[in-house]
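Below: one structure, written as structure tokens.
What follows is calculated from the coordinates using simple rules that are stated; it is not laboratory data. This structure is a prediction, so every number in the text was calculated from the model and none was measured. All Cβ positions, glycine included, derive from the backbone under ideal geometry; neighbour counts span all protein chains shown.
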Amino acid sequence: MAKQKRTGGQVSKPSEEGATLKDLLGKGTLDKLKDMSRTMREEEEKKRAAAVEQQRAEQKAREKNKSFSELLDESKLDWKKFK
């Protein structure tokens with residue numbers, strides 16, 4: 001449990017003081033921060049998508065370059081039964 005500061009026997013809350021961060025910032029500043037946040041989220045999503053696509057391409061290249069013996073080793077079938 002978090003301890004609460006008591007001043008004069010009462011618990012102090014930011015809402016009782018009447019000024020929140022939203023109130024202190026101007027509307028223009030708040031809009032800029034929201035736009036910046038949205039832009040950063042979109043850029044992060046693009047980076048994630050690019051990383052996933054790169055991993056897929058690398059996996060496809062590895063699969064393409066596998067030798068027959070590697071493919072045979074990874075096979076779930078028991079090839080000894082067919083000899």
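Numbers for the structure displayed
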item	result
The stretch 44-61 - phi-based ³J(HN,Hα) in whole Hz, Karplus 6.51/-1.76/1.60, Gly and Pro as x	5, 5, 5, 5, 5, 5, 5, 5, 5, 5, 5, 5, 4, 5, 5, 5, 5, 5
Residue (of ASN65, LEU30, GLN54) at the positive-pole extreme of the stretch 28-83, dipole from beta-carbon charges	ASN65
Zone residues, the stretch 35-69, relative to LEU25, backbone N less than 12 Å from point 7 Å out along Cα-to-Cβ	35-38
Set of aspartates and glutamates near LYS76 by C-alpha distance (under 18 Å), chain-local residues within fewer than 8 positions excluded	GLU63
